[in-house]
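The values are calculated or read from the model by the stated rules, or taken from the named source; none is laboratory data. Just so we're clear, the structure is a prediction, and the values are computed from it rather than from any experiment. Heads up, the Cβs are rebuilt from the backbone with ideal geometry, glycines too, and the neighbour counts pull from every protein chain shown.
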Amino acid sequence: MDRQTYVDRQTNVDKAISVGNYLNLYFGQNQGIRLGDSVVVSRKAHAKMPEKRLKGQIKILLNRDAGKTYLDFVESDQVVHIDIYHKPGEINPCDVAKAVFKAVDQYFLEKDPQLQYAEDERFKIVAGYANKIFISTNQGKGTVYDLFQNIMQPISEDEEGRDHIHMLARLNQEEYYLIYVITEAAEEVVLASGAKLAKVRNIVHGNQKQAEESFAGYIKIPWKSFKGQGATPLPAKENVNQLVLKLAEKFGGVHEIDEFLESYSTNIFKRKGIEQQKKKWGDVEHYVQQLEELDLIKNTLVGKILTKKGMQLKEFIINHKCEIESEIRRNIRKVPSGGMSGFRKLGKVEKKASCVKLTNRNKTINNLDNTWAGDLAVPETIIQARKNCFLRNDDHFTVRRKDLHYYDKKSYIPVDICLLVDASGSMAGDKRQAACYLAEHLVLTGKEKVAVVTFQERDSKVVVPFTRNHQTLSKGLATITPAGLTPLAQGIVAAVNLIKSSNVRNPMLVLITDGLPNVPLWSVDAKADALEAATYIAKNNIRLIGIGVESNKSFLEKLMDKGEGVLYLVDDLNRDNLINIVRHEKKNILQTAKMA
Amino acid sequence: MIPFYRLERYEGNEALFELVLMSIVSTYAGEPLHFHAEGVRGTGKTTIMRAARDILPAIKRIKGCVYNCDPAAPHCPHHRNLSAEEIEKIGVEEIPMPFLEISHSAKVGTVAGSIDLAKLTDVSNPEASLLPGIIPQAHRGIIFVDEINRLADTSPEITDILLDVMGNKPGHIQIEEAGLPVVDVTVNVSVWAASNPDEEPGPLDEIRRQLSDRFDMVCYMGRPDSVDNISHILKKNSYSYKRIGNEENGKKNTGYRDAEENIKYQKDIAKWAETFVKTDLPDFLRNFIARLYIKYNLESIRATEALQQGAVLYSIIKRRDKVTISDVHHVIPMALKHRIDGDTLVRIINDIDGRGVKDGILSFKGKKTQKKGETAVPDYFQQDARPLKDISRSELINTEKTLTPS
Ligand SMILES: [Zn+2]
């Protein structure tokens, strides 16, 4: 080996190790990097940002783990995602695989020259990695191991125009140095193929907007058995079921799915225009498109209408309303994942909570303290006494103090919640749905009452008074149609009055808003009026939490200060964040009560 | 009560009828199969399960043994150390396969065991000894828990006992009573449960996930949805039908035909159990299940065991002589619905249907297709880039911060 080559290689090993160290550092901070000019590396999914004026940017999607997104992994951080961007050109994945294979082999040989005498060992190491690295270009895809042997899977239609080599590598932290080795080798193949490498101008970290799912891709309709005789109808049933639940997730309950489907009926009186639909449900076009793909809606001269299959679906939903509603409620009860990652909390409230004590008839305890107080469990006491008499060799039946059994006590702290929901125009669609979902989740998972008050246009409205009844709740929620301005002061006053006039325990007011007040109540200053109104919350000893967005931080902080509440700032007013915040706050109340 | 064979069958309750038979066959053969029927009111789940009591075959036990000792393999504290001759001396008796219920307000003592009050209060010869509870007494039979979600919510102690009983096949149970030695016996029982996920306190998997996973199978009940079904059900429940039905059948005594039908089931079950003991899943189907486990990252190994056991049993009660892919297919929703999300379930179901069994293995095949919109936008990248090998070490790492002009 001549000296120059030796130096090159040595720098290569150094570069690789240094890159490995940095990747470890940045991945640990949940960040991705641009490696050199044209490569983006992270443990997340990546997306372009064509909607931005500035081209050439790549977004690293913090809420989309690469392993989970591309490989259906359950655990996160298992997979490193490498994208090498290039100008138009056809890249043969087998060539890439071969180069990667060779480079990894070379690298290990340089690190440990002894390996040249242990062919088997060396092959085993490299083959091991070859099975853990997956490559996809605009010509085909597969593991390095398969591609090396020219076994290639075809790419799907939407991968055809790809302008990057997409690589997924299952590597652990100690192996990150290999990323440099792999990437450098792959770049060589791009250049050799005549394509140019493309410069990534910038990288940006952020969340992907709740991805609209393309369920048309994996749900199969029609649902009558599609395999001929002897085939079971069950799987088809699961398909329809899942489709309906998807629709329910988007639109709300059975009633609202029906309302949505009516918009595509031939009855022109029941048809709702697309703008009207959007106000209530947000982006419905995606869903219409999906239903078209599933052949449930079709285009006609008079506009989009339900197909015969679509009408069958509608009928199915009506006929199975009971079970479907039950399953929808089952889904709403589910506790979301994500924990506390989607929000930050500012401030703290200390308010005393009163608790309710209940007798637990299922469990008895021996009287351990000396109070003699409690709910005596007579049968257990007698049995215990009889047994102990026998063991004590008493000559007649006696009851002693150590025989006494008492019923156990359970205590819990009821927190009745009033949601104060901003129903101004900006809350239309997903945010409205998220707030409704939170209300339903609370009623279905707790033992406490829930009320919903909205404010919009120039006024406020008690949409649902305090209730434990899910039906009452969903009926009320269905009437929320966001529009107009943000009269926050009016909303606060209405909520406080509702709480004061209802029979509630440890009331908590949860304000959900994405905006700032712009309709005054008493003066000409909407913000000042809202702050003034907030003092009523504190005066009435109502627990307050505010959920808002980062951009309104300074006003919301003032508001919480006046109302003696806690502020939660979210990057997105989605249902998981809302539920997790309220759960977190309820847990706090319990803990504070336990410590007191 | 309407006998098992006369209960109305329709699409929404079909799976439960199958599970009942599968579980009895398996239990009779010595391998429990636990299942859980979930459904709203009016689906008749408890009626079906309770009606199954009459089709249970008989089992042999050592005479008078409350633990239901199998004469060939005694396990209880009284009989486990006895020789074959000694057992023969005690004698053997036939009893119906046990079917016992645990209510949601049951107490630990009733379920596991407690001091024997009859013996303790015996005037002439009082004695402190253990009386096995419902579970040990149901050995080699069925335990039925209605409203299991409420039980799990109000009685974590009994839930823990069930977890032990269902943890392995066979499971085991400890009977503790202060002042007496602890008894630990194996129990081979199938647990059948029913619940309404829509009533307080909500679905079992939200209350105690662990317990929900212990059920090999689950079925979500549907309500009768055709006018025909409902009018049939009405007819069968009408007083006049019951009378006429009985008169027609009752040549010797009423209910003659019912008894006959029940005996038919009992015979079938005994025969099926024999087949079950001898039937193994073909290797290719076992591999197929193993591949599902890997490809879809199923968390629970129990799920795969349930698929295997369920597919064999299903083929048997359908009187087929071979287990086929469609048997596995059929039990997939039962074995997986309570363990994975709905999207994954339909993916698995449709996957098999579309591509058959031959599909290759491992990690990268479970790949989702790329989302649209990731394809090339013309001229998205305007500048050319230098390759890594021409870039100095200090320029290799670029973060969002270093790249963003401030
Ligand atoms: Zn025994």
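Selection of segment A:165-203 for residues being in a loop (DSSP other than H, G, I, E, B) and not hydroxyl-bearing (S, T, Y) yields A:R170, A:L171, A:N172, A:G194, A:A195, A:K196, A:K199, A:V200, A:R201. Is it the case that some residue within segment B:157-173 is buried (at least 19 other Cβ atoms within 10 Å of the Cβ) and within 11 Å of chain A (Cβ to nearest Cβ)? The answer is yes, given that some residue of segment B:157-173 is buried (at least 19 other Cβ atoms within 10 Å of the Cβ) and within 11 Å of chain A (Cβ to nearest Cβ).
For B:H78, the stated conditions hold: it is surrounded by fewer than 22 Cβ atoms within 10 Å (Cβ to Cβ) and within 14 Å of the ligand (Cβ to nearest atom).
A:R3: more than 26 Å from A:K196 (Cα to Cα) and either modelled with pLDDT under 90 or surrounded by 14 or more Cβ atoms within 10 Å (Cβ to Cβ) (or both), yes or no? Judged against the criteria, A:R3 is a match. Note on segment B:34-57: residues that are acidic (D, E) and either farther than 20 Å from A:E327 by Cα or part of a helix (DSSP H, G or I) (or both) total 1.
In segment A:141-151, the residue that is farthest from the other protein chains (Cβ to nearest Cβ) out of those that are touching a residue at least 24 places away in the same chain (Cβ under 8 Å) and either within 18 Å of A:P88 (Cα to Cα) or surrounded by fewer than 18 Cβ atoms within 10 Å (Cβ to Cβ) (or both) is A:N150. Considering the conditions (1) within 14 Å of chain A (Cβ to nearest Cβ); (2) under 22 Å from B:D216 (Cβ atoms); (3) surrounded by fewer than 18 Cβ atoms within 10 Å (Cβ to Cβ), B:R50 is excluded by exactly one of them, (1). Residues in segment A:87-111 that are outside any loop (DSSP other than H, G, I, E, B) and touching a Ser or Thr at 6+ places or on another chain (Cβ under 7 Å): A:P93, A:V96.
Among residues of segment A:181-200 that are closer than 14 Å to B:D390 by Cα, those with a beta-carbon under 8 Å from a residue that is in a helix (DSSP H, G or I) and of a type in the set (D, E, K, R) at least six positions away or on a different chain give the pairs A:E184/B:K389; A:A185/A:K102; A:E187/B:K389; A:E188/B:K389; A:L197/A:E187.
Could you please let me know if B:A37 is away from the ligand (no atom under 16 Å from the Cβ), more than 14 Å from every other protein chain (Cβ to nearest Cβ) and not hydroxyl-bearing (S, T, Y)? For B:A37, the condition - away from the ligand (no atom under 16 Å from the Cβ), more than 14 Å from every other protein chain (Cβ to nearest Cβ) and not hydroxyl-bearing (S, T, Y) - is not met. All told, A:S156 meets the bar of being over 21 Å from A:V80 (Cα atoms) and at the interface with chain B (Cβ under 8 Å from one of its Cβ atoms). Return the residues of segment B:53-74 that are among the β-branched types (V, I, T), crowded, with 19+ Cβ neighbours inside 10 Å and within 12 Å of the ligand (Cβ to nearest atom); say none if nothing qualifies. Once the filter is applied, which keeps residues that are among the β-branched types (V, I, T), crowded, with 19+ Cβ neighbours inside 10 Å and within 12 Å of the ligand (Cβ to nearest atom), segment B:53-74 yields only B:I62. For the residues B:I90, B:I95, the requirement of being surrounded by fewer than 19 Cβ atoms within 10 Å (Cβ to Cβ), within 14 Å of the ligand (Cβ to nearest atom), β-branched (V, I, T) and farther than 23 Å from B:P32 by Cα singles out B:I90. I want to confirm something. Restricting to segment B:177-213 and keeping residues that are among the charged types (D, E, K, R) and over 19 Å from the mean Cα position of the chain (by Cα), which single residue is farthest from B:M334 (Cα to Cα)? Ranking the candidates gives B:E177 first.
Can you confirm whether B:I24 is within 17 Å of B:K271 (Cβ to Cβ), of a type outside the set (S, T, Y) and at pLDDT 95 or above?
Working: within 17 Å of B:K271 (Cβ to Cβ): yes; of a type outside the set (S, T, Y): yes; at pLDDT 95 or above: yes.
So B:I24 passes the test.
Within segment A:363-385, is there a residue that is under 30 Å from A:V504 (Cα atoms), touching a residue at least 40 places away in the same chain (Cβ under 8 Å) and outside the structural domain of A:G563 (by TED's automatic domain parsing)? Scanning segment A:363-385, I find at least one residue that is under 30 Å from A:V504 (Cα atoms), touching a residue at least 40 places away in the same chain (Cβ under 8 Å) and outside the structural domain of A:G563 (by TED's automatic domain parsing), so the answer is yes.
Scanning segment B:265-296 for residues that are crowded, with 17+ Cβ neighbours inside 10 Å and within 14 Å of chain A (Cβ to nearest Cβ) gives B:L292, B:K295, B:Y296.
Does any residue of segment B:99-119 turn out to be within 16 Å of the ligand (Cβ to nearest atom) and in a strand (DSSP E or B)?
Start the filter on segment B:99-119 by keeping residues that are within 16 Å of the ligand (Cβ to nearest atom), which leaves B:113, B:116.
After this cut, where a residue has to be in a strand (DSSP E or B) as well, the list is B:113.
Checked segment B:99-119: at least one residue is within 16 Å of the ligand (Cβ to nearest atom) and in a strand (DSSP E or B).
Of all residues in segment A:466-493, those that are without any contact (Cβ under 8 Å) to a residue 60 or more places away in the chain, not hydroxyl-bearing (S, T, Y) and not in a loop (DSSP other than H, G, I, E, B) total 8.
I need the full set of residues from segment B:299-335 which are of a type in the set (A, V, I, L, M, F, W, C) and either without any contact (Cβ under 8 Å) to a residue 60 or more places away in the chain or touching a Cys at 6+ places or on another chain (Cβ under 7 Å) (or both), in order please. Steps first, please.
Just the residues of segment B:299-335 that are of a type in the set (A, V, I, L, M, F, W, C), to begin with: B:301, B:303, B:306-307, B:311-313, B:316-317, B:323, B:325, B:328, B:331-332, B:334-335.
The answer is B:I301, B:A303, B:L307, B:A311, B:V312, B:V323, B:I325, B:V328, B:I332, B:M334.
Count, please, the residues in segment A:115-157 that happen to be within 18 Å of A:V190 (Cα to Cα) and in a helix (DSSP H, G or I). So the answer is 3.
In the set (1) buried (at least 19 other Cβ atoms within 10 Å of the Cβ); (2) part of a loop (DSSP other than H, G, I, E, B); (3) more than 16 Å from the ligand (Cβ to nearest atom), the condition left unmet by B:E31 is number (1). Among what's in segment B:74-108 and is within 30 Å of B:E18 (Cα to Cα) and modelled with pLDDT under 95, pick the residue that is farthest from the other protein chains (Cβ to nearest Cβ). Applying the filter and picking the extreme gives B:S103. Whenever a residue of segment B:383-406 is under 14 Å from A:G20 (Cα atoms), its partners that are charged (D, E, K, R) and part of a strand (DSSP E or B), lying with C-beta atoms within less than 7 angstrom and at least six residues away or across chains, give the pairs B:N398/A:R34. Does A:E448 satisfy the condition of being at pLDDT below 90, assigned by TED's automatic domain parsing to the domain that holds A:I499 and either within 26 Å of the chain's Cα centre (by Cα) or on the phi < 0 side of the Ramachandran plot (or both)? Answer is yes for this residue.
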